[in-house]
Amino acid sequence: MSFLELSHVDKGFGPAADRYEVLDDVNLSIDRNEFVAVIGFSGSGKSTLVSLLAGLLQPDAGEVRMNGEVVTEPGPERGVVFQNYSLLPWLTVASNVELAVKQVFPEMSRTERREHVQHFVDLVSLSGAEHKRPHELSGGMRQRVSLARTLSMRPDLLLLDEPLSALDALTRATLQDELVRLWLEDRRTVVMITNDVDEAVLLADRIVPLTPGPNATLGPDFVVDLERPRDRTTLNYDPAFVRLRNRITNYLVDVNAESRQLRVDRAVQLPDVVPADLTTV
Amino acid sequence: MSTLHEPRDESHDETSSGPATAAEASSEESIALRFKHALLKAIDVTALGFLEPVVRLCYGEEPRVQLRNIARLIVLPTVAFVLFLGVWAVTAPNLRTKYGALPTPSQVWDGWCAIMTFHEREMEKSEAYLAEGPEREAIVAEATARLQLLERASKVANERVATAREREQADKEARLTPLRAELEAFESQLEAETEERFAAVEAMSTTHPADDRAVLVRELAKVAEWTESQEEIVARMKASMKEIEDEKSPALVAALHLQTSVAEEKQFTEKLIQVAGAKSREVKLNALVASIREDQAAHASADPDSAYELAHSIAKDRARLEDVVESTYPRPWTLPMQIVRSILTVFSGFLIGVAIAIPLGILCGLSSTFMAMVTPFIALFKPVSPIVWLLIFWIVVGGVFPDPASSQTLQVLNYLANSVLSVTPYVGSIVDDIDINPAFIASALTVATCSLWATMVNTALGVASVDQDHVNVARVLKLSPYDRLVKIVLPSALPLVFAGMRISLGIGWMVLIAAELLASSEGLGKFTNDMFQNGNTDSFAKIMVMVFVVGVIGLVLDRIMIVFQRLVSFEGSVATV
Ligand SMILES: Nc1ncnc2c1ncn2[C@@H]1O[C@H](COP(=O)(O)OP(=O)(O)OP(=O)(O)O)[C@@H](O)[C@H]1O
Ligand SMILES: [Mg+2]
């Protein structure tokens, strides 16, 4: 039995008459301590998938199981880094993190708690910005606060919804390395949503593509058997890396073209009418 | 600011000012810069945006832009206001009403000065009443000396009025005499001519052929028309003479003004001498003590018959002594006192309203079922006029306190309010007894009822529109319902709650004046009504003073609420200087 399992999960939105089916028959099983990257196009249902895993949404059909138990509600053991950061704007960086720490580790003393918070703030290199409020931070800084908040909860399962998308290439690289380091340090299960193939290959043990919506489902797995630690500078010259990246990219391009094809087929046939030129009348 | 949401020990606000920490060198310039940032922030929080260009100009920042902004934000509004005063000053004397012409700005200003003089004199008298020993004697001596001066001044003023009157009379006579002569001449000529015309028509009746009778009627009508036109001329001449008679020369007006002000001051000084002298607390006390001593001495050696009488009188004097010790000068309500009372009333009502509106608003925001239940009440009660509420509360409060003088609740309320006010700086010296009575309570409840809706609706809106993402955070953290409310829902609703409270306070202030007027509860409303009722020459001006007093206080209250609102709004411009 795997650590985390989705079996035949369907999810749609809207009233029954006009239902928009986002996910259709999604199956996925993840082992303990595995790092899985889900890659997909915008609007395909990646965030919906994260919400299902977190327990924020309940599937219409099928089940989400963690440790064999059906997930019915969210909880701190499944930490989420939300795509839009979801920081509380009236709290400072430190207080945002502290809110989570206080709730998850109520037994901590005040000094312990403060150290714990500081540790995670430092971890995402936000030392010095502890007393700023979210609106005083850049998008990337906010994402890092969100990451620090979630990491500080020490969840069993870490759900990252495009956690690095708002960062510039340099910061992004640093944080990617940081993420890997953290993960290697105390291996915990990670599901990361991304739209960057390189990032997925660099970080994950396994990559699962999500087909374009509606009725998105998971495509075939790509196992990343590159050795760790992976060095981003040399990786580009590793033929295995290049091959894998090309395979995934090609798959995504194909699946996207296919879905376009489908969409065109379904398009309404327009009547063949030419507008009259009124200027010559 | 963070103390609103988090315990104090976690906030290190003093270290958080961004740009300054970078320049740890703390040179003179960085201190100046930090001060500038603090200033700009303060201006921003208090929404006094028009000061911003001034500060920036002082720091030499883009002088041309700042000057343009100063022109736009300070000079032009000032010019507009001055223009308004000018138009007012020019048009007011021409707008005649039953109560005289509309007061000009300067008359309104005089009204304000008169109101404040009255207040200051009353304050002086009440101080004089309580003064003791050499201080009291000094007051009497000074007042007596002043009285002599005033007597002389009063004589001068009277003379000046007399001469001004005479001169005016002579001047008017000089202008009227030729007019009168002209009128007389015109009238006598008119009489003669009228007779002449009638005679001519009469003559026609004999010379004219009988078949053309209509011509006579026509001629008579012509004469009548002519007479009418002549009479109009007479009326016009009389009117212009009347105008001259009614004229008041500026000299006479000034003299009369001086005369009344001297007379008023004289009256005040006389009263002051009394209050600080024979009628002062100290003199009364001394008299009583002396009388008690005397009685006691007599009592020691009195025969049984008169002993009872003496003991009785001693006991009575002792009781009076206690009363006198605690007595103060019975000061009438003056404007500053009424302002304090109005503000107290509006805040009492406002706080009652808020205490009802916020919990209900939160419930409405949390539960759409509850909201649906409450909506009809909001829709029904919100448009009801404050007057109706006041009358209802008047009756209800009257029923609750059938005998206000002996009500213990009112005594406790009065005691609390007076203790708080007496330690408030400035206010403490103005108000001795705020006099919380049923009228006060009815006015406050009216304010509460009329103002609570805005807070309630906005609180409900704020609570209901909590960001779903924040709710998700709470769900992932498994916050208890209470924590969810306190840590997520309320902080995010707070800006709207305060926006609602600001509207409420504005409505409350507007309602209050009407309520006080109707309930004749001491305050600005009652002051206005008293001015209207007593119909002095300057009453109209004093009523106009109230426009500005009420307006300025309302503006200040609004500013205070803006500051609160900005302090709790997290994404507003507060921190982005
Ligand atoms: N609460 C909702 N109600 C209705 N439709 C929704 C809701 N949430 C998501 N959807 C729809 O589901 C689809 C998938 O949304 P989702 O946010 O999961 O996409 P995504 O893959 O995360 O996209 P992106 O990469 O842009 O973040 C979208 O078409 C969206 O319109
Ligand atoms: Mg998404």
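Compared with the dominant principal axis of the Cα atoms in chain A, helix A:110-123 is inclined by about 50°. Computed from the C-beta positions of B:Ser30 and B:Leu73 and an R0 of 25 Å, the FRET efficiency is 0.30 to the nearest 0.05.
Once the 1.4 Å probe is applied to the protein heavy atoms, segment B:280-326 comes out at 70 Å² accessible per residue.
Based on alpha-carbon atoms, the Kirkwood radius and the radius of gyration of segment B:347-438 give Rg/Rh equal to 1.10.
Under the simplified labelling scheme, the B:Lys478-B:Asn158 pair shows an inter-label distance of 9.6 nm, with each label point 7 Å from Cα along Cα→Cβ. Contact-buried residues of segment B:457-501, at a threshold of 50 Å² lost accessible area versus the chain by itself: B:Asp469, B:His470, B:Val473, B:Arg475, B:Val476, B:Leu477, B:Lys478, B:Lys487 (1.4 Å probe; DNA, RNA and ligands ignored).
The tail of the calculated P(r) for chain A beyond 24 Å holds 55 percent of all Cα-Cα pairs. Averaging the Cα positions of each part gives two centres, and for segment B:371-403 and segment B:312-343 these lie 36 Å apart. Using a probe of 1.4 angstrom and keeping all protein chains present, the accessible surface of segment A:1-140 works out to 41 square angstrom per residue. Phi-derived couplings, Karplus 6.51 cos²θ - 1.76 cosθ + 1.60 at θ = phi - 60°, listed residue by residue for segment B:528-533: 4, 5, 4, 4, 5, 6 Hz, with x used for Gly and Pro. A:His119 exposes around 90 Å² of accessible area when a 1.4 Å probe is run over every protein chain in place.
Between the helical axis of B:76-91 and the longest alpha-carbon principal axis of chain B there is an angle of about 30 degrees. Coupling constants for segment A:90-101 follow from the phi torsions by the Karplus curve (6.51 cos²θ - 1.76 cosθ + 1.60, θ = phi - 60°), and in residue order they are 8, 10, 6, 3, 4, 5, 4, 5, 5, 3, 5, 4 Hz; glycine and proline get x.
Counting Lys +1, Arg +1, Asp -1, Glu -1, what net charge surrounds B:Trp509 among other residues with beta carbon under 13 Å of its beta carbon? Here the charged neighbours net out to 0. Orientation-averaged projection of segment B:443-498 equals 4.2 nm² [convex hull of Cα atoms, one quarter of hull surface area].
Our Cα-only numbers for the protein assembly as shown put the radius of gyration and Dmax at 43.9, 146 Å. The Rg/Rh ratio for segment A:1-83, using Cα coordinates for both the radius of gyration and the Kirkwood hydrodynamic radius, is 0.95. For A:Lys46, the lysines whose Cα comes closer than 23 Å to its Cα, not counting residues fewer than 8 places off in the same chain, are A:Lys11.
Segment A:186-230 and segment B:472-527 have Cα centres lying 50 Å from one another. Backbone amide hydrogens, once placed in the peptide plane, bring A:Val81 within less than 5 Å of A:Leu159, A:Leu160, A:Asp161, excluding anything fewer than 5 places away on its chain. The amide H of A:Phe35, built 1.01 Å from its N in the peptide plane, has A:Val190, A:Asp205, A:Arg206 as neighbours under 5 Å, considering only residues 5 or more places off or on other chains.
Volume of the convex hull of segment B:280-326 (Cα atoms only), normalised per residue: 47 Å³. Label-to-label distance, B:Ser327 versus B:Ser313, with points set 7 angstrom from Cα along the beta-carbon direction: 1.9 nm.
Candidate cross-link partners of B:Lys542 among the aspartates and glutamates, defined by an alpha-carbon separation under 20 Å and a same-chain spacing of 8 or more, comprise B:Asp110, B:Glu120, B:Glu122, B:Glu264, B:Glu265, B:Glu516, B:Glu522, B:Asp530. B:Lys542 contributes an accessible area of around 30 Å² to the protein surface, as traced by a 1.4 Å probe with all chains present. Computed over Cα pairs, the Kirkwood radius of segment B:335-568 leads via Stokes-Einstein (1.567 mPa s, 4 °C) to a diffusion coefficient of 67 µm² per second. Taking all Cα pairs closer than 8 Å and separated by 6 or more residues, the relative contact order of segment B:335-568 comes to 29 percent. Does segment B:55-214 classify as rounded, prolate or oblate by the C-alpha gyration tensor (a ≥ b ≥ c root eigenvalues; a/c under 1.5 gives rounded; else a/b over b/c gives prolate, otherwise oblate)? Here segment B:55-214 falls in the oblate category.
Of B:Lys98/B:Lys172; B:Lys98/B:Lys222; B:Lys284/B:Lys526, which ones are farther than 28 Å apart at the Cα? Those over the limit are B:Lys98/B:Lys222; B:Lys284/B:Lys526. Taking a point 7 Å from the Cα of B:Asn536 along the Cα-to-Cβ direction, none of the residues of segment B:212-255 has its backbone N closer than 14 Å to it. In this calculation the C-beta distance from B:Val87 to B:Thr369 is compared with R0 = 41 Å, giving a FRET efficiency of 0.15. Positive contributions from Lys and Arg (+1) and negative ones from Asp and Glu (-1), summed over other residues with Cβ under 14 Å from the Cβ of B:Glu52, come out at +2.
Using θ = phi - 60° in the Karplus curve 6.51 cos²θ - 1.76 cosθ + 1.60, the 3J(HN,Hα) couplings for segment B:345-350 round to 4, 5, 6, 4, x, 4 Hz; x is entered for Gly and Pro. Take B:Cys364: with every protein chain present and a 1.4 Å probe, its accessible area is about 10 Å². For chain B, the longest principal axis of the C-alpha atoms and the axis of helix B:28-45 are separated by about 60°. Kirkwood's formula applied to the C-alpha pairs of chain B gives a hydrodynamic radius of 32.1 angstrom.
The values are calculated or read from the model by the stated rules, or taken from the named source; none is laboratory data. This structure is a prediction, so every number in the text was calculated from the model and none was measured. Positions of Cβ are backbone-derived with ideal geometry, glycine not excepted, and every protein chain shown enters the neighbour counts. Accessible surface areas use protein heavy atoms only, side chains included; no ligands, DNA or RNA. Shrake-Rupley method; radii C 1.70, N 1.55, O 1.52, S 1.80 Å.
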